[in-house]
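Take a look at the structure set out below.
The values are calculated or read from the model by the stated rules, or taken from the named source; none is laboratory data. It should be emphasised that the depicted structure is a prediction, and the values quoted were computed from it without experimental measurement. Glycine also receives a Cβ, built like all others from the backbone with ideal geometry; neighbour counts cover every protein chain displayed. The area values use the complete protein model at the heavy-atom level, side chains included, leaving out ligands, DNA and RNA. Shrake-Rupley method; radii C 1.70, N 1.55, O 1.52, S 1.80 Å.
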Amino acid sequence: MSSALRPTLLFLLLLLGLSWAGLSSSSCRVQIPPHDQVARVARFVAHQCDWASMATISSHKPVVGQPFSNVFSVSDGPHGTSSGVPYMYLTHMEVSVQDLQVNPQASLSMSLAQTDYCKQQGFDPQSPLCAHIILSGSVLQVNGTEADFAKKALFSRHPEMIDWPTDHNWFFAKFNITQVWVLDYFGGVKVVSPDEYFQAAPHRKHH
């Protein structure tokens, strides 16, 4: 082989290798479930999102009894290990947690707008195509083995939590789901029962 052809051949082989790597990664990537598989969409959104907006019933003046929305870091498990249960790392010093001490009922909202998905597809956060879920239920402290899982779930996604001040008396909690509302397509919000939600598989690899 002539020395003039050698760099060209190497360049072509490099391009071929990059193309093959791209094809391999894209052909096995995890994709959002079809919109008609509503429970799976809900589980997918819950697993993809690292934070949520939680609305409590305020116990603080001058908005006592009114909805009060706040942002919390969440995790339903380490990436690739979905439990479907949103876990949180809380302190009683936090204003919304004080609301929960009076009334544990709350609503939790998560949207794929916080991921790259909606931007890549050109979907506005308010568009039904930018899938989001609203969970109804209550917030409960967890202990024992469930607290161990919550710790792994949260610290794997939010490593900064490890160094949060110990004098804040942090504790692990879960959002106890009683109803799931899904908006992922045109035609209005859809309702999923907790049983349907937890039985659904959030991921399916496409080859």
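Taking the listed residues 75, 96, the one that is within 24 Å of residue 194 (Cα to Cα) and among the polar types (S, T, N, Q) is 75, with no other qualifying. The single condition among (1) exposed (fewer than 12 other Cβ atoms within 10 Å of the Cβ); (2) at pLDDT 95 or above that residue 205 does not meet is (2). The set of residues from the range 45-70 being hydrophobic (A, V, I, L, M, F, W, C) and closer than 28 Å to residue 130 by Cα comprises 45, 46, 49, 51, 52, 54, 55, 57, 68.
The set of residues in the range 159-197 being in a helix (DSSP H, G or I) and either among the β-branched types (Val, Ile, Thr) or touching a Lys or Arg at 6+ places or on another chain (Cβ under 8 Å) (or both) consists of 162, 166, 197.
Being of a type outside the set (Lys, Arg) and part of a strand (DSSP E or B) is a property that residue 156 lacks. Within the range 82-104, residues that are closer than 23 Å to residue 42 by Cβ reach partners that are in a helix (DSSP H, G or I) and open to solvent by 20 Å² or more (accessible area, probe 1.4 Å) with beta carbons closer than 7 Å, at six or more positions or on different chains, in the pairs 84/198.
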